[in-house]
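Everything below concerns the one structure shown next.
The values are calculated or read from the model by the stated rules, or taken from the named source; none is laboratory data. Bear in mind that the values here come from a model prediction, so they are computed numbers and not experimental data. Virtual Cβ from ideal backbone geometry, glycine too; neighbours counted across all protein chains shown. Accessible surface areas use protein heavy atoms only, side chains included; no ligands, DNA or RNA. Shrake-Rupley method; radii C 1.70, N 1.55, O 1.52, S 1.80 Å.
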Amino acid sequence: MPTSPLNDQDLAQMFELAPVSLWLEDFSGVATLFQRWRAEGVRDLRAFLRADRARVRECTRAILVLQVNRRTLELFGAADLAQLMGSLDRVFRDDMLDHHIEELVQLWNGALAYGSHTVNYSLDGRRLDVALQVRVLPGHEQDWRRVLLSLEDLSAREQARRALERSERYALGLFEHSPVSLWVEDFSQVKRLIDELRERGITDFRVFTDVHPEFVERCMAEIRVVDVNRQTLTMFRAPDKATLLQRLPDIFRDEMQRPFTEQLIELWQGKLFQQRETVNYALDGEMLHVHLQFAVLPGHEDDWSLVQVSLTDITARKKAESYLEFLGKHDALTKLRNRSFFDDELNRLERKGVQPVALVVIDLNGLKQVNDERGHRAGDAVLRRAGEVLAKAVEAPATAARIGGDEFALLIPGGDAHAAELLVAQIHELVELNNQFHSGEPLGLSIGVAVSEPGERLEAALHRADKLMYAQKKDFHAQAEHDRRRS
């Protein structure tokens, strides 16, 4: 099909109606400036222009705008070419000058066509991000009298990109500066191992992990850590991420295996969000009690390739709970069990019908005299010594408790008279050793022993042991009085 060449009117119409901003300009003034500067010895135009921004503006003023199209007036918010020309100082300003230097350098270096991303401003002050294409038109390679510029408006795209960058920086900031330890992990290999078990016909995963604990260890080894935040490094005493990632086996070990097994069981059951208390280890070896929240991130439910784990350090709380639990069942001075624990244990043994039970009741001789003559600190020291002796003498399942100010009781589940006699003999030996080690007031004990009889309440057996102890205590006081009168 024959075609006819475009005439000047067609070309003018194409220029006017082009969907991008077009500028026809005369750069001959810039060419003249460049010739003068070369003659003056300028070799590095970039450095020359940056040394004095007035030279950039001199180049800009040397450019003559001959024509712009309709899209240009729309883009810059100008009513006509005259208004646009009268406002060029508002269009080309600020960070646009840095871009303009790079464009001028390309011309200086002989490029007759080049492109860049730059910034202009509309007449109402809106920032315009544009893709600039510049071409010296044929026939004007020497004088640059006709240069065509096209500007494609990228503002919407750039605004979206900057918004995305801000969002990413915000998310990264939340991650990096979170007050809890955050881990991004890849559990895809763990899922592969679990899926292989299903394919093998395994249905009871809990029983399987009980029989094959090595499977749990393998799953732990297959976790890939993608990233961690700053609080993680602080919490696990790691100098940097590389060190932390190299020493993961030092973190995920020992006591962690049991709660991790429960985590795997819930994953087997399809629970992709979980929380529990678990144990990790800092790189200095300290056990860390943590509250773990685990979530497979949206979009990764099919392969578990992106998982977020948050760890809140609850070690201090656990230590406090443990200490409170200890105080609830122990005597703070002697570290033996307390009266509350003793009563509960007595009731427990009775409910279970344990027979026989040997009971040993012990009273510390001479404590009142020590308190009166040397003060309560000395008395407390004697009580602690008694606690050391009894703690050393008693082994599980037997227990020793301080049940009063200077009174102690021992329970020996399943213990007969012979077992009680052996224990009392060991206590006397330890008392003798203790007195050799400690100077000052000797440790002395009054001891009563009873063994529960079939059908007898343990309280009754305890009462019999108590009476025997008081009989021995009476003998001690009588002997002490006799010694006092003789002296």
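For the pair Leu137 and Arg61, a Förster radius of 22 Å applied to the C-beta separation gives a FRET efficiency near 0.50, rounded to the nearest 0.05. Calculated mean residue ellipticity at 222 nm for the chain: -16000 deg cm²/dmol, from DSSP H runs with n ≥ 4 weighted as -39500 (n - 2.57), summed, divided by the residue count and rounded to 500. The calculated FRET efficiency for Gln159 paired with Thr203, based on their beta-carbon distance and R0 = 45 Å, is about 0.25.
Express as a percent, rounded to the nearest 5, the fraction of DSSP beta bridges in segment 264-408 (both residues included) that run antiparallel.
For segment 264-408, the DSSP antiparallel bridge percentage is about 95.
Once the chain from His418 to Glu456 is taken as fully extended at 0.36 nm per residue, the excess over their C-alpha distance is 11.8 nm. For segment 326-440, carbon and sulfur atoms together expose 50% of the accessible surface, with a 1.4 angstrom probe and every protein chain in place.
Sorting the segments 298-311, 170-183 by their mean number of nearby beta carbons within 10 angstrom, highest to lowest, gives 298-311, 170-183.
For segment 193-232, the alpha-carbon radius of gyration amounts to 1.56 times the rule-of-thumb value 2.2 N^0.38 Å expected for a compact globular protein. Applying 1/(1 + (r/R0)^6) with r as the Cβ-Cβ distance of Phe476 and Ala391 and R0 = 22 angstrom yields a FRET efficiency of 0.40. Between the helical axis of 458-486 and the longest alpha-carbon principal axis of the chain there is an angle of about 70 degrees. Stokes-Einstein diffusion for segment 184-328 at 10 °C, viscosity 1.306 mPa s, with a Kirkwood radius from C-alpha pairs, works out to 98 µm²/s.
The protection proxy used here, the mean number of other Cβ atoms lying within 10 Å of each residue, ranks peptides 80-88, 361-369, 114-122 as follows, highest first: 361-369, 114-122, 80-88.
The slack between His376 and Phe175, meaning 0.36 nm per residue of separation minus the straight C-alpha distance, is 66.8 nm.
Using the 1.4 Å probe convention, the accessible area of segment 32-121 works out to 52 Å² per residue with neighbouring protein chains retained.
Legend: Rg and Dmax of segment 1-107, from Cα coordinates, 17.3, 59 Å. The apolar share of the surface of segment 118-270, taken as the fraction of accessible area on carbon and sulfur atoms (1.4 Å probe, ligands and nucleic acids excluded), comes to 50 percent. Note that the chain, at 25 °C in a medium of 0.890 mPa s, gets a Stokes-Einstein diffusion coefficient of 75 µm²/s from its Kirkwood radius over C-alpha pairs. Extension gain, Phe437 to Phe15: 0.36 nm times the residue separation minus the Cα-Cα distance gives 141.0 nm. Placing unit charges on the Cβ atoms only, positive for Lys and Arg and negative for Asp and Glu, gives the chain a dipole magnitude near 1040 debye about its Cα centre.
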